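Worksheet for the structure shown next.
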Amino acid sequence: MANLPDVFGVIAEGAELLKSGGLSAGRAVLNAYLKKRSDQARDILFDELKRGGLLPEQVAAHDDGIAVIHGYNRAAWEGRARVNLRLLARAITGQLLANNLVADEFFLYAESLAGLSRDEIIFIATLLRHSANRPDVPEDQMGEQENLAPWLKALEEMSAEGWNNDKTSAVAGRCLRSGFVILLPTFDRMAYKVSPMLTDLCKTVDFDDALRREP
């Protein structure tokens, strides 16, 4: 059975395929960059596994473990920020804890998590926090103001942090592409709410925690 450090090493060696026949100095720079990013991604993943009481070998032991690690490592090569890698690592850990590390399931969230900007992560964390305080009743049994409450409170909190409403609305609009935020139908304003996809993801992934750990 391959151990996880070996897996990262093999993937890094696979970066040779990305190299062209140009100057050796250029190839060395590329190789050094990819290794640095792989090492960073590995350390973040190992940290999340440790926090979850898991061993690195438990990733490699799964049939889809190599595919998942390759996708995670590719996000690091593409220059994704540490906070994005932290979210991805937490998603991997969460699937392991649920004994459900499946590549298809992981990649369902991975592209969206990797593509979020820091502003989008901040907004999503804020909207989630206020959505968690809503009454536990179906939306169709709530009045419009109750449905709007998480969005309005998120606007208020972001305003206190120096964001004007236009910026918050613009960031919320960009979040639509991730599938983590969806439009909330109203008669007289544009409003947003967390999606079922995000609610499901947050059973194991904590956006606020990722921001605290990667300030």
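For Asp47, the conditions (1) open to solvent by less than 70 Å² (accessible area, probe 1.4 Å); (2) at pLDDT below 80; (3) of a type outside the set (Val, Ile, Thr) are fulfilled apart from (2). Among the residues of segment 75-101, the one identified as under 25 Å from Leu55 (Cβ atoms), open to solvent by less than 50 Å² (accessible area, probe 1.4 Å) and part of a loop (DSSP other than H, G, I, E, B) is Leu101. Taking Tyr33 as meeting all but one of (1) closer than 25 Å to Ser178 by Cα; (2) at pLDDT below 90; (3) of a type in the set (Phe, Trp, Tyr), write down the number of the exception. Here Tyr33 clears every test but (1). Of the residues that make up segment 53-61, is at least one modelled with pLDDT of 90 or more and out of contact with any Pro (no Cβ under 6 Å at 6 or more places or on another chain)? Yes, segment 53-61 contains a residue that is modelled with pLDDT of 90 or more and out of contact with any Pro (no Cβ under 6 Å at 6 or more places or on another chain).
Close Cβ contacts (under 7 Å, 6 or more residues apart or on different chains) running from residues in segment 177-199 that are more than 26 Å from Ala91 (Cβ to Cβ) to residues that are in a strand (DSSP E or B) comprise Ala191/Leu184.
Considering only residues of segment 25-71 that are among the aliphatic types (A, V, I, L, M) and assigned to a loop (DSSP other than H, G, I, E, B), which is nearest to Asp104 (Cα to Cα)? Once the filter is applied, the top-ranked residue is Ala61. Of the numbered conditions (1) in contact with a Gly (Cβ under 8 Å, 6 or more places away or on another chain); (2) surrounded by fewer than 17 Cβ atoms within 10 Å (Cβ to Cβ), Ala170 fails exactly one; give the number of that condition. It is condition (1) that Ala170 fails.
Matching residues to (1) open to solvent by 80 Å² or more (accessible area, probe 1.4 Å); (2) under 30 Å from Leu49 (Cβ atoms); (3) out of contact with any strand residue (DSSP E or B) (no Cβ under 9 Å at 6 or more places or on another chain):
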position: Leu148; (1), (2), (3): no, no, no
position: Leu152; (1), (2), (3): no, no, no
position: Gly162; (1), (2), (3): no, no, yes
position: Arg177; (1), (2), (3): yes, yes, yes
position: Asp188; (1), (2), (3): yes, no, yes
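The values are calculated or read from the model by the stated rules, or taken from the named source; none is laboratory data. Computed from a predicted model, the values in this text were never measured in an experiment. As a convention, Cβ positions derive from the backbone with ideal geometry for all residues, glycine included, and neighbour counts pool all protein chains shown. Heavy atoms of the whole protein, side chains included, go into the accessibility calculation; ligands, DNA and RNA do not. Shrake-Rupley method; radii C 1.70, N 1.55, O 1.52, S 1.80 Å.
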